[in-house]
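The structure appears right after this line, and notes come after that.
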Amino acid sequence: MIKVSNLIKTFGQTHAVNNISFEVAKGETLALLGTSGCGKTTTLKMLNRLIEPDSGTIEVDGQNILSQAPELLRRSIGYVLQNNGLFPHYTVAENIAIVPNLLKWDKAKIEARTNELLEKLHLPKEYQNTYPPELSGGQQQRVGLARALVADAPVLLMDEPFGALDNVTRSKIHAEFKLLDELKRKTIILVTHDVQEAFLLADRIALMDKGQIVQIGTATELLFNPANDFVKDFLKEQHLQLELKTIKLNDIWQYLPADGRRINTSQLAATAGLWEALDTFKFYPRENINIINQQTREVRSVTFDQLMSAYSCFKNQVPHE
Amino acid sequence: MNEHQQTLLEFMRQQSDKLLVQTLQHIGLTFISLFIAVLIGLPLGIYISRVRKLSGPVLGIAGILQTIPSIALLGFMIPLLGIGAKPAIVALLLYALLPIVRNTYTGITGVDSNVKEAAIAMGMNKWQVLFKVELPLAMPVILAGIRTATVINVGVATLASYIAAGGLGEFIFGGISLNNTNMILAGAIPAAMLAILFDFLLSLLQKLNFKKIKGAVKMAPVLLLILSCFYFIPSAYGSKLTAGFTPEFMGRQDGNLGLVSKYGLKIHTIVISDAVMYKAAKEKELDVISGYSTDGRLKAYDLIVLDDDKKIFPPYYAAPLVREDALKKFPQLETTLNKLSGLINDSVMTELNYRTDYLHQTPERVAKDFLQATGLYKPQQQSNGEVVRLGSKIFGEQYILTNMYSMLIKGYTNYGVETKTGLGGTKIVFDAMTNNQIDVYPEYTGTGLLAILQAPQNVINRLQSSKDSTYAYVKAAFDDRYKIKWLKPIGFNNAYALMMRRQQANELHIKTISDLNRFLKY
Ligand SMILES: Nc1ncnc2c1ncn2[C@@H]1O[C@H](COP(=O)(O)OP(=O)(O)OP(=O)(O)O)[C@@H](O)[C@H]1O
Ligand SMILES: [Mg+2]
């Protein structure tokens, strides 16, 4: 869907983006992860021509983005800004209606679509006629998201959309985000400096440093197959938590004892993550949980200790470089 | 106080026609220029917000324009645009430009760059970004600039009357010249109220929330246009000749009022300041002007004085005024001062004034040259320590005369001389004399009669503008009242006069005011 080749952008002496190439498949979510100043925003802005690259090509749907007028290109790409960038002089409804108005939708259609999005994003209808400065940061972010989604553009670019939120609100929005059907069919590039967010929301992660992509791959690949020390160091601090969140019960299914006592207790699908499984334990002696493998209809009942030893078996088995 | 208010109200009621016209002209002038200033300033402000490197020079030039004194700016306009509405509007426009350009620029550059980027990222083109995002968000700042410009314009528009563009300045400056407080207030109070009113209305507009501003902004140009229409450009008259009279002249019995009542003169008249009147006559913007008969510009611009055949202008013969105690103290003083008597007629004085005012020679040199040419000049004698104190009002002719007197006293007597020049107007110099701070200064019979003695109308009528009877009257009255003596008249008469360009007067065979009247009637 998106193909970026040999992208270079320099600002004076700063090599903001230094020869980047990657591809994003249709419906996939790619996270651009990295520390502040590594060139994430610059990369993103080149995709909708807010910044023109010095060299390199970008194709969307097999078409070079330079072949289209920038205004038209941008109307077909949803964009969520780092600082939301809502129009302070437009109401929430008017903010959401910006692109539809540019696309000359009729009034009824705009209204219906706005209501639909407000509902999906859990924004009370009364907020339609309020102005952004009167909203909380979380609400503003949702409006920003609604504005990017409203025209149902196939591609969505998001620049640290949840950066300005407190942890509780962020987790809540993360959860909603994962469930939002609108997003499932979109090709998304998500810029973040938050490792957890990248691991949680993205199918693949491109870890960037000093204008270059250091490693691009799935969460598992980054965690268990880091390309170099930079990747390792980058993930080190939250390594355990990331692993536990990344590893699915399916991954360690083979190490789970098949002969556990099946008692009436909590049930969990094997597609769930290890973190979630650990979270389910209430921690009283000899507590079991049942894990159901949907494909084989097999159920394995395990204790906390059994789960942890399966995890360490899995880790020993994964090849480290 | 109560009584005073009464008379002001009476004045305003009496002059309500004029007041209304002037107020409407004032509003019109303010808003035509404001409208054009917005038309120019807004795009210019937007443009320099795009091409930032131009912002410095443009704002700098607009800033300099605003520091030019209003009168000077109006003066510069005359050679370019003549007199009347056009130069006034251009001058006002130049004043209004800075606040509008500056605020448009600050407003637009102050728009949150995130919001602007969002607008671009949504797929707006540059015009959509400008009209839907930048202008609405900058509007409060822009409106503040327009508000400032409006208040400035209401103020500066009072000066428009100096170049015959009308407005409330006609009352204000006419009142100042005529020392008529009611007239000043009748112009100043409405002008101040206009400023306050417009400021208030614009502040309301500014406080409206974003939503309502969208509509209001569309209405604003329409409103401006309507207000502008109050000003009908006063040059659309069919009169053969155009006269330009000073506000002072307009209001005086021995001025325009007399022209109308005694001659029945009907001429298309505009009110204009003395500073630009002569120039306007030269530039053929005006055909007839009210001036002073010995003004140097008469010669500089080749104008001639029309003969006042019905004698409505009182004589203003100049003569030295001396304290009687000084005459006793300095026995040789009277004969010395009288040496000038009869030597300087109107055209000689005009010539001398021309040399100081127009050729910028020093009064001292002009005085010395004249005395040498007439053989009166003598080198300075030894001083005996006694000092005669000479005074003068603050204009060239008086400086020249004082210099001549100074040289004569030094040359013919052994008194020392101390000169106190630049004693402002009549009141100041005359007060200095009665308070025994000066001994001698040159004065004019008409001034003595009307300004100092404030002679009643029946006396003025009785004197019938005769040179000799007026002189005799003031001489007797001053002696009686102030113990001050009028010495012999110097010869010239620096009175009000109607003037025309020599060439035009010759072509039309106009020599007297009656000739002018006849020409206008047929
Ligand atoms: N318009 C610009 N002019 C000059 N330098 C720029 C410009 N935009 C970005 N840079 C520089 O390019 C580098 C990359 O910037 P970029 O905004 O892409 O970083 P980022 O990864 O998005 O950082 P952050 O997480 O802080 O948003 C930085 O060093 C930045 O200072
Ligand atoms: Mg960034």
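The values are calculated or read from the model by the stated rules, or taken from the named source; none is laboratory data. In this text the structure is predicted, and so the values were computed from the model without any measurement. Every residue, glycine among them, receives a Cβ derived from its backbone with ideal geometry; neighbour counts consider all protein chains shown. Side chains are part of the model used for accessible areas, which takes the heavy atoms of the whole protein and leaves out ligands, DNA and RNA. Shrake-Rupley method; radii C 1.70, N 1.55, O 1.52, S 1.80 Å.
Given B:48, B:83, which one is assigned by TED's automatic domain parsing to the domain that holds residue B:135, in a loop (DSSP other than H, G, I, E, B) and either farther than 24 Å from residue B:195 by Cβ or modelled with pLDDT of 90 or more (or both)?
Details: B:48 fails: in a loop (DSSP other than H, G, I, E, B).
Going through B:48, B:83 in turn, just one is assigned by TED's automatic domain parsing to the domain that holds residue B:135, in a loop (DSSP other than H, G, I, E, B) and either farther than 24 Å from residue B:195 by Cβ or modelled with pLDDT of 90 or more (or both): B:83.
Which one of B:471, B:496 is over 29 Å from the mean Cα position of the chain (by Cα) and open to solvent by less than 60 Å² (accessible area, probe 1.4 Å)?
Numbers: B:496 fails: over 29 Å from the mean Cα position of the chain (by Cα).
On inspection, the qualifying residue turns out to be B:471.
Right, residue A:187: more than 14 Å from chain B (Cβ to nearest Cβ), away from ligand 1 (no atom under 16 Å from the Cβ), touching a helix residue (DSSP H, G or I) at 6+ places or on another chain (Cβ under 8 Å) and of a type in the set (S, T, N, Q) or not? Show your work before the answer.
Values: more than 14 Å from chain B (Cβ to nearest Cβ): yes; away from ligand 1 (no atom under 16 Å from the Cβ): yes; touching a helix residue (DSSP H, G or I) at 6+ places or on another chain (Cβ under 8 Å): no; of a type in the set (S, T, N, Q): yes.
When the stated conditions are applied, residue A:187 does not pass them.
Identify the single condition in (1) open to solvent by 30 Å² or more (accessible area, probe 1.4 Å); (2) within 13 Å of another protein chain (Cβ to nearest Cβ); (3) touching a helix residue (DSSP H, G or I) at 6+ places or on another chain (Cβ under 6 Å) that residue A:127 does not satisfy, given that it satisfies every other one.
(2)
What strands (runs of 3 or more DSSP E), lying completely within segment B:288-386, carry at least 2 residues that are farther than 22 Å from residue B:506 by Cβ and not hydrophobic (A, V, I, L, M, F, W, C)?
Values: elements: B:288-292, B:303-305, B:318-323.
Where strands (runs of 3 or more DSSP E) fall fully within segment B:288-386 and carry at least 2 residues being farther than 22 Å from residue B:506 by Cβ and not hydrophobic (A, V, I, L, M, F, W, C), they are B:318-323.
Filter segment B:420-467 down to the residues that are part of a strand (DSSP E or B) and touching a helix residue (DSSP H, G or I) at 6+ places or on another chain (Cβ under 6 Å) and list them by number.
If the condition is that a residue be part of a strand (DSSP E or B) and touching a helix residue (DSSP H, G or I) at 6+ places or on another chain (Cβ under 6 Å), then B:441, B:442 are the ones that fit.
Just one of the numbered conditions (1) within 13 Å of ligand 1 (Cβ to nearest atom); (2) within 14 Å of another protein chain (Cβ to nearest Cβ); (3) farther than 13 Å from residue A:9 by Cα is not true of residue A:34; which one?
So residue A:34 meets the others, but not (2).
Do you know which residues across segment A:78-96 are more than 9 Å from every other protein chain (Cβ to nearest Cβ) and open to solvent by 10 Å² or more (accessible area, probe 1.4 Å)?
A:93, A:94
I'd like to verify a number: residues in segment A:53-76 that are out of contact with any helix residue (DSSP H, G or I) (no Cβ under 7 Å at 6 or more places or on another chain) and within 14 Å of chain B (Cβ to nearest Cβ), how many?
6
Checking residue A:22 against (1) touching a Leu at 6+ places or on another chain (Cβ under 8 Å); (2) within 14 Å of another protein chain (Cβ to nearest Cβ); (3) open to solvent by less than 30 Å² (accessible area, probe 1.4 Å); (4) more than 13 Å from residue B:121 (Cβ to Cβ), which test does it fail?
Checking residue A:22 against (1) touching a Leu at 6+ places or on another chain (Cβ under 8 Å); (2) within 14 Å of another protein chain (Cβ to nearest Cβ); (3) open to solvent by less than 30 Å² (accessible area, probe 1.4 Å); (4) more than 13 Å from residue B:121 (Cβ to Cβ), the one that fails is (2).
Can you list the strands (runs of 3 or more DSSP E) lying wholly within segment A:17-97 that have 3 or more residues being touching a residue at least 60 places away in the same chain (Cβ under 8 Å)? Let's see the steps before the verdict.
On the way: elements: A:29-34, A:55-60, A:77-80.
Passing ranges, in order: A:29-34, A:77-80.
Please name all residue pairs, on different chains or six or more residues apart, with Cβ atoms under 8 Å, provided the first residue is in segment B:125-141 and is at the interface with chain A (Cβ under 10 Å from one of its Cβ atoms) and more than 15 Å from residue B:47 (Cα to Cα) and the second residue is of a type in the set (D, E, K, R) and assigned to a helix (DSSP H, G or I).
B:125/A:71; B:133/B:116; B:136/B:214
Only residues that are away from chain B (no Cβ under 12 Å) and either open to solvent by 10 Å² or more (accessible area, probe 1.4 Å) or within 21 Å of residue A:32 (Cβ to Cβ) (or both): list them for segment A:141-155, please. Show your work before the answer.
Keep residues of segment A:141-155 that are away from chain B (no Cβ under 12 Å), which gives A:141-142, A:145-146, A:149, A:152, A:154-155.
A:141, A:142, A:145, A:149, A:152, A:154, A:155 - these are the residues of segment A:141-155 that are away from chain B (no Cβ under 12 Å) and either open to solvent by 10 Å² or more (accessible area, probe 1.4 Å) or within 21 Å of residue A:32 (Cβ to Cβ) (or both).
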